[in-house]
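Working notes, structure below.
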Amino acid sequence: MNPIEFSPASESLITKAIIAEFAQELEHYVETEVVIVGGGPSGLMASKELASRGVKVLLIERNNYLGGGFWLGGFLMNKLTVRAPAELILDELGVPYKEYSSGLYVADAPHACSRLIAATCDAGAKILNMVSLDDVVLHNEKVCGVVVNWTAVSSLPRGIAAIDPVSLESKLVIDATGHDAAVVKKLEERGLLKAKGQGAMWVEKSEDLLVAHVSELYPGLIVTGMAVSTAYGLPRMGPTFGAMLIAGKRAAEIAIEKLKR
Ligand code: 48F
């Protein structure tokens, strides 16, 4: 085997490359059309759809990794299920699957999750990971952006890290934070709306209901994924993900309609 020689670059040049590129992109995304909070299946799907239609979209994820609950099916087992017609989205993403019984499909969760993440990046969504929602920007009873901080800072006790967050402005915000409904909770804390809390498991009702309830819950704030169940008091569905993928698409459609007006 021939020896490999990497091109020369000093330590400081590598540091400069990271700083320059990150700072330039962050500045560009301080104002966006849509900020999506939460990089699970619904948030990724919404980001991918919006970015692929040319919308300037920023996805914020508090963890280092994207994917939320999509890496595992349930009970630490990495097979996930979707019910028809959501296998069509697996087709779109190029995820292989098996029909386990009529209309019930099983796929490898790591394969599905990594394909969805790659499709979101390929579509051109900008991703800020290790960043947590701190608050919303609210002007004249409309959500106009988010207040964020590094997750590392948010998770330190106030006494140690009294570090102010920063604000990012957007025309629309999508709450895709899963069961937490973290953006919705910020409005609830101020008495602007009341989340009903999630109902008990009922898979056959939950997925259809969830997709039907994806909506602009408050001016400027669209809810998708499990945050919809928390906001509207819908039953949970457990380890099946079709509604997450379709709800992400639905949130993107609603956002595009709103942006046109
Ligand atoms: O929980 P998550 O996967 O939400 P989802 O897209 O899908 C739900 C399913 O995974 C599953 C289910 C249905 O099949 O019951 O649970 O609705 O992803 C939510 C993402 O939001 C991030 C969190 O780390 C996760 O990746 N997140 C939550 N709170 C915040 C946040 C926050 N305050 N700031 C930033 N990201």
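Read-outs throughout are calculated quantities, based only on the coordinates presented, and are distinct from any laboratory measurement. Source: prediction; values computed, not measured. We place every Cβ from the backbone using ideal geometry, glycine too, and count neighbours over all the protein chains shown.
What to note about this one:
- Within region 117-196, GluC sites (Glu not before Pro) in DSSP loop having at most 12 other beta-carbon neighbours inside 10 Å: 141
- Each Lys and Arg contributes +1 and each Asp and Glu -1, all at the Cβ; summed about the Cα centre of region 29-260, the dipole is approximately 180 debye.
- Protection-proxy order for peptides 90-100, 8-18, 72-82, each taking the mean of Cβ atoms within 10 Å per residue, highest first: 72-82, 90-100, 8-18
- Residues 42, 101, 155 arranged by fewest to most Cβ contacts within 10 Å: 101, 155, 42
- Among 70, 201, 220 the positive-end extreme of the charge dipole of region 29-260 (Cβ point charges): 201
- Partner lysines whose Cα lies under 27 Å from the Cα of residue 185, excluding those fewer than 8 positions away in the same chain, are identified as 48, 56, 126, 142, 171, 194, 196, 205, 249, 258.
- Neighbour counting of Cβ atoms within 10 Å sorts the residues 65, 29, 218, fewest neighbours leading, into 65, 29, 218.
- Overall size of the chain from C-alpha positions, given as principal axis extents largest first: 61, 58, 41 Å.
- At least 18 Å along the helix axis (C-alpha) and Kyte average at least 1.6, DSSP helices within the chain: none
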